[in-house]
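Peer 1: Starting off with a structure, shown below.
The values are calculated or read from the model by the stated rules, or taken from the named source; none is laboratory data. Computed from a prediction, not measured in an experiment: that's the story for all the values here. Here Cβ is always computed from backbone atoms with ideal geometry, including for glycine, and neighbour counts include all displayed protein chains. All accessible areas refer to the heavy atoms of the entire protein, side chains included, with ligands and DNA or RNA removed. Shrake-Rupley method; radii C 1.70, N 1.55, O 1.52, S 1.80 Å.
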Amino acid sequence: RLGELGIRYLHLRELAPTPALRQLQYEADKAKRVAKRKRVALGQAFIAAYRKVQLSAFDSREFVERLGAKAQSVALFCVERDPAACHRSLLAERLQQDLGPQIEVVDLMPSQPHP
């Protein structure tokens, strides 16, 4: 459907949590007795491991170059309702840290008007 709307979609599997990383989050969810869809934050073990495993070699500038010069707005789609409950928030944080004023990170929530 995105293609029909003229929106390019890239699926970057290298940024997806590995099964071992997902297991860390499942364990944190189980310990807190919270379902994935009800989670409001990621577990600290998952955060530390995701940063080490997935983001240690991540290059923000290369990521932006890969998107192409025509990319003006980029959306990171999350399944979770709360941004802090999704690994993409860690990617957004890293992009903001590395690129600073070049980018603006905005969390779009169902109850908010969109910019």
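Peer 1: Out of all the residues in segment 73-94, is one or more in contact (Cβ under 8 Å) with a residue 24 or more places away in the chain, of a type in the set (Gly, Ala, Ser) and not in a helix (DSSP H, G or I)?
Peer 2: Yes: one or more hits.
Peer 1: I'm told Ala71 meets every condition in (1) of a type in the set (Gly, Ala, Ser); (2) touching an Asp or Glu at 6+ places or on another chain (Cβ under 9 Å); (3) at pLDDT below 90 except one. Can you identify the failing condition by its number?
Peer 2: Unmet condition: (2).
Peer 1: Further, regarding this structure: What about Arg51, is it modelled with pLDDT of 95 or more and within 12 Å of the chain's Cα centre (by Cα)?
Peer 2: Spelling it out, Arg51 is indeed modelled with pLDDT of 95 or more and within 12 Å of the chain's Cα centre (by Cα).
Peer 1: Here's something else I'd like to know. Which number in (1) farther than 24 Å from Val106 by Cβ; (2) at pLDDT 90 or above marks the one condition that Ala35 misses?
Peer 2: Condition (2) is where Ala35 drops out.
Peer 1: Give me the residue from segment 74-102 that is small (Gly, Ala, Ser) and out of contact with any Pro (no Cβ under 9 Å at 6 or more places or on another chain) and, out of that set, most open to solvent (accessible area, probe 1.4 Å).
Peer 2: It comes out as Ala75.
Peer 1: Report, ordered by the first and then the second residue, all pairs with beta carbons closer than 8 Å, sequence separation of six or more or different chains, a first member in segment 1-13 that is farther than 13 Å from Leu76 by Cα, and a second member that is exposed (fewer than 10 other Cβ atoms within 10 Å of the Cβ).
Peer 2: Matching pairs, first to second residue: Leu2/Tyr9; Gly3/Tyr9.
Peer 1: While we're on this one: Test Val105 against the criterion of being open to solvent by 80 Å² or more (accessible area, probe 1.4 Å) and out of contact with any Lys or Arg (no Cβ under 9 Å at 6 or more places or on another chain), and give yes or no.
Peer 2: For Val105, the condition - open to solvent by 80 Å² or more (accessible area, probe 1.4 Å) and out of contact with any Lys or Arg (no Cβ under 9 Å at 6 or more places or on another chain) - is not met.
Peer 1: Also: Could you look through segment 6-65, keep only residues that are in a helix (DSSP H, G or I) and touching an Asp or Glu at 6+ places or on another chain (Cβ under 8 Å), and pick out the one that is least open to solvent (accessible area, probe 1.4 Å)?
Peer 2: Ranking the candidates gives Ser60 first.
Peer 1: Separate question: Acidic (Asp, Glu) and modelled with pLDDT of 95 or more, is that true of Asp59?
Peer 2: In short, yes.
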